[in-house]
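Worksheet: the structure to be examined is printed underneath.
The values are calculated or read from the model by the stated rules, or taken from the named source; none is laboratory data. For clarity, every value in this text was computed on a predicted model and none was experimentally measured. FYI the Cβ positions are ideal-geometry reconstructions off the backbone, even for glycines, and counts take in every protein chain you see.
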Protein chains: 2
Amino acid sequence: MEEQIIDVLKKSQLSVTDSRRKILELFLQSDSAMAHHDIEIKAGEKFDRVTVYRTLQAFLDKGIIHTIPTPDNSVKYALCKDNCEQGHHHDDHIHFICKICGITTCLDEVHVPEIKLPRGYKTQQTEVVVSGICKECS
Amino acid sequence: MEEQIIDVLKKSQLSVTDSRRKILELFLQSDSAMAHHDIEIKAGEKFDRVTVYRTLQAFLDKGIIHTIPTPDNSVKYALCKDNCEQGHHHDDHIHFICKICGITTCLDEVHVPEIKLPRGYKTQQTEVVVSGICKECS
DNA sequence: CATATTTTGCAACACTGTTGCAAAATGTAG
DNA sequence: CTACATTTTGCAACAGTGTTGCAAAATATG
Ligand SMILES: [Zn+2]
Ligand SMILES: [Zn+2]
Ligand SMILES: [Zn+2]
Ligand SMILES: [Zn+2]
């Protein structure tokens, strides 16, 4: 794990610091998306709020993580499993939010559909967020 | 217009006040979705911030408007054109955000597709937000 | 018009996210 | 390992967003 973490950071040309190691570890251990606040808590109050913001921004820039917009207006973050690099994300999956347990997950195996738009509109990106009841809660 | 506004408010069992009239008028005049801040500005500094929040919340509760989640985490609001009542929204359309002019619109004529989820997941609601270039900008 | 109810504005507050800057940590090369 | 240049961190301060309690004002009702 520790090896993998350092490997990812170096490949992204990020210097290896405590906060980056710890936060990347959280992502690797978690199977669901995390809000900024979750990360702050889980990091164990060891790091300043500002450092968490900057670390997440760095991870986003490097394509290590991606954001998930939620209906309640709280951005969540999850690891990019596809080969996203330097801000060019190739994620093509939908996201699921459970209304019972509140968990947000990447459904990597479910691809976003192609949406046919009216004449004149050009699609660049499609975000699909499905809410309902997850596997565990049903 | 004034008639229509009072009609909508009364049908929703909302008392007719200046702020509700003004804000509902803004929605009826606008053909794109508005952020809270837009509404605050357009209402002409006549109303307190808190009043705008409470008015929007009342409109949401009554099914007069609906929210649109955006990737940059700024909720926008738009009129419900379908017959949504008392929080039971029947909107079934997708939303479009132009990356050039920044406008967010309801594409009422484009319905959300059915997404087939893995075994165990139950869908309650599907949000689709497409980003790209709008009719005007292309 | 008089009264009960609802809504508004204000003050205060909590939370979220950003910036500038000095101190600390990291990477690099001898 | 050490010295040095570069990057990152923590802190303080700040702007923006959203919420609550409460008294004053507006509205609905008869
Ligand atoms: Zn669940
Ligand atoms: Zn994802
Ligand atoms: Zn446009
Ligand atoms: Zn809409």
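Inside the range B:108-138, can you point out the residues that are within 26 Å of A:Leu107 (Cα to Cα), in a strand (DSSP E or B) and within 7 Å of another protein chain (Cβ to nearest Cβ)?
Within the range B:108-138, B:Val110, B:Lys122, B:Thr123, B:Gln124, B:Gln125, B:Thr126, B:Glu127, B:Val128, B:Val129, B:Val130, B:Ser131, B:Gly132 meet the criteria.
Please indicate, with yes or no, whether at least one residue in the range B:66-87 is over 20 Å from A:Ile115 (Cβ atoms), in contact with a helix residue (DSSP H, G or I) (Cβ under 7 Å, 6 or more places away or on another chain), within 14 Å of another protein chain (Cβ to nearest Cβ) and modelled with pLDDT of 95 or more.
yes
For the range A:5-37, give me each residue that is out of contact with any helix residue (DSSP H, G or I) (no Cβ under 8 Å at 6 or more places or on another chain), assigned to a helix (DSSP H, G or I) and surrounded by fewer than 16 Cβ atoms within 10 Å (Cβ to Cβ).
A:Asp7, A:Lys10, A:Lys11, A:Asp18, A:Gln29, A:His37
Restricting to the range A:44-73, name every residue that is within 22 Å of B:Asn73 (Cα to Cα), touching a residue at least 12 places away in the same chain (Cβ under 8 Å) and not hydrophobic (A, V, I, L, M, F, W, C). Before you say what the answer is, go through the steps one by one.
Residues of the range A:44-73 within 22 Å of B:Asn73 (Cα to Cα): A:49-73.
This time we only want the ones that are touching a residue at least 12 places away in the same chain (Cβ under 8 Å), so: A:51-53, A:55-56, A:58-66, A:68-71.
Result: A:Thr51, A:Tyr53, A:Thr55, A:Asp61, A:Lys62, A:Gly63, A:His66, A:Pro69, A:Thr70, A:Pro71.
What single numbered condition from (1) free of Cβ contacts under 8 Å to residues at least 24 places away in the same chain; (2) farther than 27 Å from B:Pro113 by Cβ; (3) among the aliphatic types (A, V, I, L, M); (4) within 14 Å of chain B (Cβ to nearest Cβ) fails to hold for A:Ile41?
(4)
Confirm whether B:Glu40 is more than 16 Å from ligand 3 (Cβ to nearest atom), in contact with a Lys or Arg (Cβ under 7 Å, 6 or more places away or on another chain) and at pLDDT below 95.
Yes: the conditions hold for B:Glu40.
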